[in-house]
Amino acid sequence: MFEFFQTTSLIKIGVLIIIALYVLFSFVIFNQVRTMNKLMNHSSSAVLEVIAIIHIIAAIALFLTATAIL
């Protein structure tokens, strides 16, 4: 019984670490979008930046939800 709880705790911690890495990845994506927008001025630059910000917000919400559930 104790081994089951220890295994599930390790799985929960692993999932939270993976989601935290995904949050960091979303910040990298945002940085890449900003760099791309500085190099190329298109009419869709603002739209891409808004999508990247929404992606960051969704990734953080996923992490917080997973933290609350797990």
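With contacts taken as Cα pairs under 8 Å and at least 6 residues apart, the chain reaches a relative contact order of 46 percent.
Coupling constants for segment 26-42 follow from the phi torsions by the Karplus curve (6.51 cos²θ - 1.76 cosθ + 1.60, θ = phi - 60°), and in residue order they are 5, 5, 5, 4, 4, 5, 5, 5, 5, 5, 5, 5, 5, 7, 10, 9, 10 Hz; glycine and proline get x. Taking the accessible area of the chain, probe 1.4 Å, and keeping the other protein chains in place, the carbon and sulfur fraction comes to 77%. Averaged per residue, the chain has 78 square angstrom of accessible surface, using a 1.4 angstrom probe with ligands and nucleic acids left out. Computing mean projected area of the Cα convex hull in nm² for the structure here picks out one of [x] 4.8; [y] 6.5; [z] 4.4, namely [x].
The values are calculated or read from the model by the stated rules, or taken from the named source; none is laboratory data. Computed from a predicted model, the values in this text were never measured in an experiment. The accessibility values were calculated without ligands, DNA or RNA, using every heavy atom of the protein model including side chains. Shrake-Rupley method; radii C 1.70, N 1.55, O 1.52, S 1.80 Å.
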